[in-house]
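J.: One structure is given below, represented as structure tokens, and several questions about it will come after.
None of the figures in this text is laboratory data; all of them are computed from the coordinates on show. This is a predicted model, so every value here is computed, not measured. Virtual Cβ from ideal backbone geometry, glycine too; neighbours counted across all protein chains shown.
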Amino acid sequence: MERAAVLERLTLGRTPIVWHTASVSAIVEETASARTIVAEVPDWPGHVAGQHVDLRLTAEDGYQAQRSYSIGSAPEEPEVELTIVRFDEGEVSPYLTGELRVGDQFELRGPVGGHFTWRVEDGGPLLLVAGGSGLVPLMAMLRHRAAQEATVDARLLLSSRTLEEVLYREELSRLSQEPGVTVRITLTRAQPDGWEGYDRRLDAEMLDSLGPGSDEHPRVFVCGPTAFVEQAADLLVGLGHRPATIHAERFGPT
């Protein structure tokens with residue numbers, strides 16, 4: 001996920017954030033416009049689900065470009081996974097989604113962020129609301145839950161324009177079969193024949209039916225484009241969730 005603004009820039013403890021050289025070990029084509037980059041990062045200090053990194057590219061003439069991306073992999077994984085969605089007008093994402101190859105290198109700084117994080121020991125229930133590629137850090141949380149074989153109640157509502165643009169479709173299907181995990185998807189632009197999910201923009205009825213309600217005091221994480229996050233937060237507050245319990249992460253193309 002590429003962000004225009006970062007809510008927080010925190011280190012883990014007092015350890016200074018340094019640049020690491022990352023080597024691409026695999027590339028997974030997620031959709032027609034998105035791919036996951038799997039990278040080996042020597043001396044990686046580890047991360048918490050929900051954190052992100054700064055990625056820096058350096059051209060032969062010395063020109064540098066830097067962007068921030070959420071980490072999609074669980075903390076238990078030995079490699080760092082970043083899912084990048086191409087913005088045609090962007091400076092970095094077209095290269096990462098079209099030209100980067102296995103064996104190539106780039107620089108990473110991080111992990112960054114302390115507000116938008118979740119550990120299994122934090123407990124639940126979890127209420128995760130994602131718009132488009134806002135799914136990436138929330139997926140890290142679900143993967144962390146699975147890796148720890150946790151029983152925390154986790155519910156995800158994902159809004160996407162089309163089914164073809166949904167990231168991690170097969171993995172989401174598998175996760176939804178696990179006890180304690182609920183996954184619901186709404187497609188706002190087009191729906192395939194026989195679609196049984198939602199077919200409209202996010203609304204209060206979706207969130208209310210998904211639950212858990214405010215009386216269960218869930219840990220709420222909302223991630224997506226700014227307008228989506230603001231709408232989701234307003235709806236959640238309207239359903240009785242306290243603003244202080246809603247962890248929000250906004251992003252947009254630069």
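J.: Would you tally the net charge around residue 73, using a Cβ to Cβ cut-off of less than 11 Å, leaving residue 73 out, and scoring K and R as +1, D and E as -1?
T.: Neighbour charge sum, excluding residue 73 itself: -3.
J.: On to the next question. If you add up the charges near residue 210, with Lys and Arg at +1 and Asp and Glu at -1, over every other residue whose beta carbon is less than 10 angstrom from its beta carbon, what do you get?
T.: 0
J.: Here's a follow-up. Please label the shape of segment 97-188 as rounded, prolate or oblate, based on the square roots a ≥ b ≥ c of the eigenvalues of the alpha-carbon gyration tensor (a/c under 1.5 means rounded; beyond that, a/b larger than b/c means prolate, else oblate).
T.: Cα axes put segment 97-188 in the oblate bin.
J.: Further question on the same structure: Along segment 145-154, what does the Karplus equation 6.51 cos²θ - 1.76 cosθ + 1.60 (θ = phi - 60°) give for ³J(HN,Hα), rounded to whole Hz, x for Gly and Pro?
T.: Computed from phi, the couplings for segment 145-154 are 4, 5, 4, 8, 6, 7, 10, 4, 5, 10 Hz.
J.: Counting only residues 5 or more places away or on other chains, whose amide H sits under 5 Å from the amide H of residue 251 once H atoms are built in the peptide plane?
T.: Those qualifying (amide H under 5 Å, at least 5 residues apart or on another chain) are 224, 226.
J.: When the chain is treated as a GNM, springs tying every alpha-carbon pair under 10 Å, which of 34, 150, 65 comes out with the largest mean-square fluctuation?
T.: Result: 65 has the largest fluctuation of those listed.
J.: So which residue, out of 103, 46, 62, gets the largest mean-square fluctuation from a GNM of the chain using Cα contacts under 10 Å as springs?
T.: So, out of 103, 46, 62, the one fluctuating most is 62.
J.: Tell me, what ³J(HN,Hα) does each residue in segment 28-33 have, in order and in whole Hz, if you take phi through Karplus 6.51 cos²θ - 1.76 cosθ + 1.60 with θ = phi - 60° and put x for Gly and Pro?
T.: For segment 28-33, the Karplus curve yields 10, 7, 7, 9, 5, 10 Hz.
J.: Of all DSSP beta bridges in the chain, what percent run antiparallel (nearest 5)?
T.: Antiparallel bridges make up about 55 percent of those DSSP assigns within the chain.
J.: Okay, moving on. Between beta-carbons, use under 9 Å as the cut-off and find the net charge around residue 28, counting Lys and Arg +1, Asp and Glu -1.
T.: -2
J.: P(r) for segment 19-112, please, calculated from all Cα pair distances in 5 Å bins and given in %.
T.: Cα pair-distance distribution for segment 19-112, in percent: 3, 14, 26, 29, 19, 8, 2, 0.
J.: How large is log10 of I(q)/I(0) for segment 170-212 at q = 0.15, 0.16, 0.28, 0.33 Å⁻¹ when the intensity is taken from the Debye formula with one equal scatterer per alpha-carbon?
T.: Rounded to two decimals, the profile gives -0.45, -0.51, -1.08, -1.11.
J.: Which log10 I(q)/I(0) values does the chain give at q = 0.08 Å⁻¹ under the Debye formula, counting every alpha carbon as one identical point scatterer?
T.: -0.29
J.: Right, something else. Restricting the calculation to Cα positions, tell me the Rg (one decimal) and the Dmax (whole number) of segment 68-121 in Å.
T.: Computed over the Cα atoms of segment 68-121, radius of gyration and Dmax are 13.4, 41 Å.
J.: Same structure, new question: With point charges of +1 on the Cβ of Lys and Arg and -1 on the Cβ of Asp and Glu, referenced to the Cα centre of the chain, which listed residue (217, 141, 19) lies farthest in the positive direction of the dipole?
T.: Of the listed residues, the answer is 217.
J.: Please report, in cubic angstrom per residue, the volume enclosed by the convex hull of the alpha-carbon atoms of segment 116-254.
T.: 110 Å³
J.: Only Cα pairs under 8 Å and at least 6 apart count here; give the relative contact order of the chain as a rounded whole percent.
T.: Once normalised by length, the contact order is 22 percent.
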